[in-house]
Amino acid sequence: MMSVLKGDLIQFALTGRFDVIIHGCNCFCTMGAGIAKLIKDNFDEAYQADLATQIGDRGKLGSYSSARIKKNGNIFTIVNGYTQYDFSGQGPLVDYGAIQKLFSMIKKDFSNQRIGYPKIGAGLAKGDWEVISDIINKELDGEDHALVKLVKV
């Protein structure tokens with residue numbers, strides 16, 4: 001089951017709390033808002049991994065790019081999960097099938113690691129967190145994974 005932590009996902013990664021952090025991206029390599037922008041601004045390696053993918057390729061949905069980060073004596077992986085095609089428009093932008101496929105791959109590729117993520121797909125992508133969290137719990141069954149809720153100061 002998903003545990004819930006309050007704090008800053010990036011700071012948790014930098015202090016060694018997680019081996020893997022995941023955030024949702026669109027398929028246009030923008031990383032221009034939300035946590036994606038924070039990651040882009042703080043970890044150029046993750047942004048370069050995103051830029052190495054095909055811009056606007058709908059086939060990226062449900063896949064990911066990633067970067068291994070070594071900072072402050074800690075090593076962790078940032079996963080750019082392609083969970084939405086576009087970054088603007090009406091209604092939910094998140095693709096629930098892409099979330100399911102992504103987290104299925106995460107379980108296969110990062111099993112037995114400590115995984116952290118924000119409310120992927122439920123913020124700027126306007127998805128239903130109840131639906132998304134059910135998908136994550138099902139796909140990451142048996143894994144050490146946590147939702148990190150940002151505490152605003």
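None of the figures in this text is laboratory data; all of them are computed from the coordinates on show. Since the structure is predicted, the reported quantities are computational estimates derived from the model, not experimental observations. So basically every Cβ, Gly included, is an ideal-geometry build from the backbone, and we count neighbours across all protein chains shown.
Cross-link partners for Lys138 among the lysines, with Cα-Cα distance under 16 Å and sequence neighbours closer than 8 places in the same chain left out: Lys101, Lys107, Lys108, Lys119. Taking a Cβ cut-off of under 14 Å around Gly121, the surrounding Lys, Arg, Asp and Glu residues balance to a net charge of -3, with basic ones at +1 and acidic ones at -1.
Calculated on C-alpha atoms, the gyration radius of the stretch 66-153 divided by its Kirkwood radius gives an Rg/Rh of 0.98.
Panel note: the C-alpha atoms of the stretch 46-107, placed on their principal axes, show extents of 42, 24, 19 Å (largest first).
Which of the three applies to the chain, rounded, prolate or oblate, going by the alpha-carbon gyration tensor with a ≥ b ≥ c and a/c under 1.5 meaning rounded?
It is rounded, given that a/c, with a ≥ b ≥ c, falls under 1.5.
Within the listed set Val131, Val79, Val94, the Gaussian network model of the chain (springs between alpha-carbon atoms below 10 Å) gives the highest mean-square fluctuation for Val131.
For Cα pairs less than 8 Å apart in space and 6+ apart in sequence, what is the mean separation divided by the residue count of the stretch 58-153, i.e. the relative contact order in percent? Working shown, then result.
Numbers: 132 pairs, mean separation 24.1, N = 96.
It rounds to 25 percent for the stretch 58-153.
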